[in-house]
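K.L.:
This is the structure I want to talk about, given as structure tokens.
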Amino acid sequence: MHVVDVTMFYAESGGGVRRYIEAKRAWLRTSAGWTHTLVVPKACGAPAEAQTVALASVPLPFSEGYRVPLGRNRAARELVALEPMLIEAGDPYTLAWAALDASGALDIPAVAFCHSDLPRLVGTHCGARAERLATRYCRRLYTRFDLVLAPSRAMTARLASWGIEGARHQPLGVDIEVFNPERRNASVRQTLELAAGTRILVYAGRFAREKNLEVLTEAMRLLGSRYVCLLVGAGAAPRALPDNVRVLGYRRSRSSLAELIASCDVFVHPGDQETFGLAALEAMACGLPVVAADAAGLAELIPARAGVLVTPRNARALADGVGAVFDADRARMGSAAREVAEAYAWPAVLGPLLECYAALGARTGARA
């Protein structure tokens, strides 16, 4: 069965969509009877290999490396030429409509993976009226697909509230060999010139408005000099950072990122719009407790034994949550976090997905 993934959410600075597609691509290559092709905007950092098609594109401003493909029809023609048996669209924009065009021309299934909560994101930046318009747009788009996937039950419920019934919960996963407590390296503290006894927090992800990093920086002011927080990611970092917050920038190497995270004490995530929370899961795989906003995907990913969920957009609550972890048995919480992450190992979550693909292909008449 030939599966094609198409998305504009594929940039050199990584991200959850890219991690998911690359993990699935590697898994399909080891699975007999499956082939995979990736269709993404040109110059996005995709590997130059036979199973990758690069579409003409232009940069999307202020997006940390994402690019916009030029033309729905052109993209649809590229997809048709590949003659896939199933197409999965990983964004709700031009390429999603191109995927629908191609699936109609080929009479094959079209799957949409709802990686982002577009209406809530639009509402954050543009207000309630724009959020309502975005909801109508998503309903119009996603009801045309044979299947819609969502990475959390919270996002599945959101889709239902938009009028999209039958969405399937499909969690993301983690490479538990790369993200592992054994990556912990005592020299990281020395490299960062941190005094013994300093409590090291880490945030990894995009530096975007919806991540609520201003809440995190205010929480660090409340926590004081005994704590240091490392911000790891791409984009414009918050302004006027306190002395106990350091910006390290994006880590391209997954092993380097895993070493840094595993060498810290607690992972923090103030975002309240996460459809899953892949960075938090990777930190849990490294054996770190997580302090995060009690909202969306993070709320169902992090059980009480593996971290602390706090009131969203509340710096005092976030600071108190961090303090609660250090007052508790942090080592035990870290071990529990690792156990939770092991259940999300990529083979465990991708196996059912391939079964879903095969069943969908059989129902719609695609030859598998």
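K.L.:
Within the stretch 315-332, can you find the residues that are in contact (Cβ under 8 Å) with a residue 24 or more places away in the chain, crowded, with 18+ Cβ neighbours inside 10 Å and either out of contact with any Leu (no Cβ under 9 Å at 6 or more places or on another chain) or outside any helix (DSSP H, G or I) (or both)?
P.N.:
The answer is VAL325, and nothing else.
K.L.:
Among (1) among the β-branched types (Val, Ile, Thr); (2) in contact with a Gly (Cβ under 9 Å, 6 or more places away or on another chain); (3) over 19 Å from ALA358 (Cβ atoms), where does VAL80 come up short?
P.N.:
The failed condition is (2).
K.L.:
Which ones in the stretch 251-310 are of a type in the set (A, V, I, L, M) and at positive phi?
P.N.:
ALA296
K.L.:
A follow-up question, please. I'd like the full set of residues that are under 28 Å from LEU350 (Cβ atoms) and out of contact with any Phe, Trp or Tyr (no Cβ under 8 Å at 6 or more places or on another chain), limited to the stretch 129-149.
P.N.:
Just the residues of the stretch 129-149 that are under 28 Å from LEU350 (Cβ atoms), to begin with: 138, 141-149.
Those that are under 28 Å from LEU350 (Cβ atoms) and out of contact with any Phe, Trp or Tyr (no Cβ under 8 Å at 6 or more places or on another chain): THR143, ARG144, PHE145, ASP146, LEU147.
K.L.:
Looking at the stretch 174-220 only, could you name the residues that are of a type in the set (D, E, K, R) and in contact with a strand residue (DSSP E or B) (Cβ under 6 Å, 6 or more places away or on another chain)?
P.N.:
Our first condition is that a residue be of a type in the set (D, E, K, R); within the stretch 174-220, this holds for 175, 177, 182-184, 189, 193, 199, 206, 209-211, 214, 218.
Matches in the stretch 174-220: ARG199 only.
K.L.:
Restricting attention to the stretch 10-23, and to residues there that are under 15 Å from ALA43 (Cβ atoms) and touching a residue at least 12 places away in the same chain (Cβ under 8 Å), which single residue is surrounded by the fewest Cβ atoms within 10 Å (Cβ to Cβ)?
P.N.:
In the first step, residues of the stretch 10-23 are kept if they are under 15 Å from ALA43 (Cβ atoms); the result is 10-13, 18.
From what is left, the residues that are touching a residue at least 12 places away in the same chain (Cβ under 8 Å) are 10-13.
On the way: TYR10: 25, ALA11: 24, GLU12: 16, SER13: 19.
This residue is GLU12.
Rule-based calculations on the coordinates, nothing more; no lab input. As the structure is a computational prediction, the values presented were derived from the model and not from experiment. Methodologically, a virtual Cβ is constructed for each residue, glycine included, from the backbone with ideal geometry; neighbour enumeration extends over all protein chains shown.
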